[in-house]
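A.B. asks: Okay, handing you the structure first.
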Amino acid sequence: MILSLKNVSKTYSNGVKALDDVTIDIKAGMFGLLGPNGAGKSSLMRTIATLQAPDTGEIHFNDLDILNNKIEFRKQLGYLPQEFGVYPKMSASDLLHYFASLKGITNKSERNLIVDKALEVTNLSDVRAKHVAGYSGGMKQRFGIAQLLLNNPKLIIVDEPTAGLDPAERHRFLNVLREIGTNHIVIFSTHIVDDVKELCTDMAILNGGTLLAQSTPKELVHTLKGKIWKISTNREAMERLQLEHNVISSSFNDANDLDVRVYSDVSPGAGFQSVEATLEDVYFTTLNQNNHAEIL
């Protein structure tokens, strides 16, 4: 299985260029699309899901031209948008049966098996009789996954699914995605670096509608080997560090000083120590370089 985008661009009527010549191949497994809010992630997800047409470019799923065969493509698609609405006075089981009927699964015995499996995979079997309106945020997101699994889609898109979830709900949700990601293409759009680090076998960084990097998380981290340095300092010295060095990020340590991480090909000077690069370093370095290039 492969999803191929070639030279996909989209500019909205207000002049905002949401997608700028996006070309990418996405294969089976968990694919993380990482970028800040406003990067164009949702625009790309909606375009792939055929909810909006690009101005230019081509999108193929295997041998299918999806822009010219939307109905056929949607039979193979599962899509969980950022805002997922539900019917508040129906149980999860009844609602899934309703969705399954809409998707053409009319045989009741077959529908029972499919609904039971979807509830099992998403760990909702024990609360199948409860109204979805009473679910927690994480349970509602897992219900969203359950409904898109009903037609056994080959391509699954989830847009910012862990935003607003508490740590326990986030962990359960990621486990569900990890389980279904082995047999599908799952595109996981997020601004949370840890989600991609924990879940994805391949990834890309998007900002300003432009793809800035694509590889495996491990390979991207390897590109920064020997180039990340750390120093502890106080707040007063922070401004000087930002002027003199390529500061990636900073955080308070136990002594209430700042641990500052810097990108440099060589040692930035006395007091700096070389540290192992992380995916967060990759993310911030990539965004910083992109912002600097735009200024120039």
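The values are calculated or read from the model by the stated rules, or taken from the named source; none is laboratory data. Remember, predicted model here, so these are calculated numbers, not experimental data. In this analysis, Cβ positions are derived from the backbone assuming ideal geometry, glycine residues included, and neighbour counts consider all displayed protein chains. Just the protein is used for accessible areas: all its heavy atoms, side chains included, with ligands, DNA and RNA removed. Shrake-Rupley method; radii C 1.70, N 1.55, O 1.52, S 1.80 Å.
A.B. asks: Kindly state, to the nearest 0.05, the FRET efficiency for Asn183 paired with Met238, given R0 = 45 Å and r defined as their beta-carbon distance.
C.D. replies: Step by step, r from the Cβ atoms, then E = 0.40.
A.B. asks: With only alpha-carbon atoms counted, please give the Rg and Dmax of region 1-68, in Å.
C.D. replies: Computed over the Cα atoms of region 1-68, radius of gyration and Dmax are 11.8, 36 Å.
A.B. asks: Considering Cα pairs under 8 angstrom that are at least six residues apart, work out the relative contact order of the chain and quote it in whole percent.
C.D. replies: 21
A.B. asks: Of the options Ala146, Tyr263, Pro81, report the single residue whose Cα projects farthest towards the positive end of the charge dipole of the chain (beta-carbon charges: Lys, Arg +1; Asp, Glu -1).
C.D. replies: Highest projection toward the positive end goes to Ala146.
A.B. asks: Related question: Rounded to the nearest 500, what is the chain's calculated 222 nm mean residue ellipticity when only DSSP H runs of at least 4 contribute -39500 (n - 2.57) each, over all residues?
C.D. replies: -10500 deg cm²/dmol
A.B. asks: Could you tell me the calculated FRET efficiency between Lys75 and Lys218, based on Cβ-Cβ distance and R0 = 41 angstrom, to the nearest 0.05?
C.D. replies: With R0 = 41 Å, the Cβ-Cβ based efficiency is 0.75.
A.B. asks: Once you list every other residue whose beta carbon is under 12 Å from the beta carbon of Leu149, what net charge do they have if Lys and Arg are +1 and Asp and Glu are -1?
C.D. replies: +1
A.B. asks: Also: Placing +1 at every Lys and Arg Cβ and -1 at every Asp and Glu Cβ, with all other atoms neutral, what dipole size does region 55-199 have around its Cα centre, in debye to the nearest 20?
C.D. replies: 620
A.B. asks: Pick from Ser250, Ser13, Ser101: which is most flexible by mean-square fluctuation in a GNM of the chain where alpha carbon atoms under 10 Å apart are linked?
C.D. replies: Ser13
A.B. asks: Rank-order 18-26, 216-224 by packing density, defined as the average count of other C-beta atoms within 10 Å over each peptide's residues, highest first.
C.D. replies: In decreasing order of mean packing, 18-26, 216-224 become 18-26, 216-224.
A.B. asks: Another question about this same structure. When the chain is fully extended, how far beyond the present Cα-Cα distance does Gln273 get from Asn256, taking 0.36 nm per residue of separation?
C.D. replies: Using 0.36 nm per residue and subtracting the Cα-Cα distance, I get 4.2 nm.
A.B. asks: On to the next question. Suppose each label sits 7 Å from its Cα in the direction of the beta carbon; what would the Asn290-Glu120 distance come out to in nanometres?
C.D. replies: Taking the two extended label points, one gets 4.1 nm.
A.B. asks: A further question on this structure: Give me, ordered by chain and number, the residues 5 or more places off Leu212 or on other chains with an amide H under 5 Å from its own placed amide H.
C.D. replies: Ile205, Leu206, Asn207
A.B. asks: Calculate the length of the line joining the C-alpha centroid of region 147-162 to that of region 34-53, in whole Å.
C.D. replies: 15
A.B. asks: If you don't mind, another one. Per residue, how many Å² of accessible area does region 210-286 show with a 1.4 Å probe?
C.D. replies: That works out to 59 Å² for each residue.
A.B. asks: Calculate one ³J(HN,Hα) per residue across region 256-261 by plugging θ = phi - 60° into the Karplus curve 6.51 cos²θ - 1.76 cosθ + 1.60, and present them in order as whole Hz with x for glycine and proline.
C.D. replies: 6, 9, 9, 8, 10, 9
A.B. asks: Would you kindly state how much longer the chain becomes between Thr23 and Leu67 on full extension, computed as 0.36 nm times their sequence separation minus their alpha carbon distance, in nm to one decimal?
C.D. replies: 14.3 nm
A.B. asks: Which far-off residues, 5 or more places away or on another chain, put their amide H under 5 Å from the one on Ile157, with H placed in the peptide plane?
C.D. replies: Hits under the 5 Å cutoff: Gly78, Tyr79, Leu80, Ile187.
A.B. asks: Could you size up the charge dipole of the chain around its Cα centre, putting +1 on the beta carbon of Lys and Arg and -1 on that of Asp and Glu, and report it in debye to the nearest 20?
C.D. replies: Using only the charged Cβ atoms, the result is roughly 1060 debye.
A.B. asks: Tell me the carbon and sulfur percent of the accessible area for region 106-218, rounded to whole percent, probe radius 1.4 Å.
C.D. replies: 49
A.B. asks: What is the Cα centroid distance between region 178-257 and region 74-144, reported in whole angstrom?
C.D. replies: Distance between centres, Cα-based: 34 Å.
A.B. asks: Hey, got the dipole for region 176-292? About the Cα centre, +1 on K and R Cβ, -1 on D and E Cβ, debye to the nearest 20?
C.D. replies: 220
A.B. asks: Let me ask something else about it. Quick one: of Lys108/Lys154; Lys89/Lys140; Lys103/Lys140; Lys70/Lys117, which pairs are farther than 18 Å apart, Cα to Cα?
C.D. replies: Result: Lys108/Lys154; Lys103/Lys140; Lys70/Lys117 exceed 18 Å.
A.B. asks: Evaluated at 4 °C with a viscosity of 1.567 mPa s, what Stokes-Einstein diffusion coefficient in µm²/s does the chain have when Rh comes from the Kirkwood expression over alpha-carbon pairs?
C.D. replies: Calculated translational D: 62 µm²/s.
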